[in-house]
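Here is the structure we will look at.
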Amino acid sequence: MPTIGPNVMPPNHHAGIAHPTIDWFLFRGHTLLIKKLTLSYIELSLVPCPLSLFPCPLSKDKGQRTKDKRQRTNDKLQITISKPMIYENGLELKSSWKTLLQQFQVAPQAGCKLLLELVQAYSRGDRFYHTLEHVQAVLNSLDSLKHHTENLPALQLAAWFHDVIYDTRAKDNEEKSAAYAVTALNQLGIPINIIDDVAQIILDTKHHQATGNNQDSQIFLDADLAILGADDIEYRFYAQKIQREYSWMSREQYRQGRTAVLGELLQREHIYHTPEMAAKLEEKARLNIRGELNVLGMKTGYCPFSQRAEFAA
């Protein structure tokens with residue numbers, strides 16, 4: 001569990017509020033756990049965008065400030081943030097975007113404007129897994145597989161755009177994300193062949209099936225599904241975040257829908273296409289999926305860090 005920093009209040013906390021010596025910890029599930037609590041009440045003002053990527057001024061309108069939920073337990077105050085707030089590797093992500101666009105001699109101002117739009121989209125309050133952290137994870141996986149790729153820049157651009165439109169109530173997210181990418185990349189002057197590849201890769205993520213056995217699409221799908229082969233703890237956080245993105249569903253609706261998706265993946269002869277990913281993650285991914293399916297089949301709460309009914313499967 002990485003620390004934000006001992007004895008330090010998070011950025012943009014309310015001025016004038018005295019605070020004790022506090023250790024702040026950042027959970028993957030956007031939770032701050034405060035130890036050594038000596039105040040009975042603390043109000044945080046955090047903004048729903050990556051603070052380390054772009055400075056975000058505190059709104060003067062209290063109605064716009066992020067609401068948090070507080071629960072006092074065992075002399076500790078647990079604050080569960082209702083929106084993803086901080087992306088710790090923001091500068092690294094910004095640098096990778098800048099490097100990517102330099103290959104196409106994109107005007108810096110235009111690239112920065114589009115980056116701001118992407119950051120805003122991936123920082124929406126209804127996202128918990130499909131955030132900038134996921135974009136970075138896909139980029140990292142692509143980097144490890146780059147010696148197999150035919151068009152690495154197209155894959156990297158697809159990583160940035162493949163979930164830019166994400167509404168769990170909709171059925172056309174991939175089509176809208178692809179259309180958004182085509183429009184945005186055309187405005188940047190990206191070559192049409194690159195844009196076409198980006199759009200096709202994004203569309204292939206709808207059912208996680210590569211069109212015509214396209215090698216680059218297969219590589220991207222492996223990178224997108226790498227989380228399935230994560231260690232036990234990381235996989236539980238992943239499952240929790242997915243569940244939160246569908247918190248509008250009833251427990252039974254979510255259980256049935258999630259079971260169908262996971263069951264389809266498990267029935268495939270291979271989850272991963274590339275030899276490296278198959279050797280490294282295939283067995284663990286199947287174990288993780290079977291484990292989640294077992295829990296879902298019990299019709300009991302799956303979320304390991306929440307007792308809220310709407311987050312249970």
For an R0 of 25 angstrom, estimate the FRET efficiency from the Cβ-Cβ distance between LYS98 and ASN151 and round to the nearest 0.05.
-> 0.80
Most exposed first, judged by fewest Cβ atoms within 10 angstrom, ARG251, ARG290 run ARG290, ARG251
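Every number here is computed from the coordinates shown, using simple stated rules; none is lab data. In this text the structure is predicted, and so the values were computed from the model without any measurement. So basically every Cβ, Gly included, is an ideal-geometry build from the backbone, and we count neighbours across all protein chains shown.
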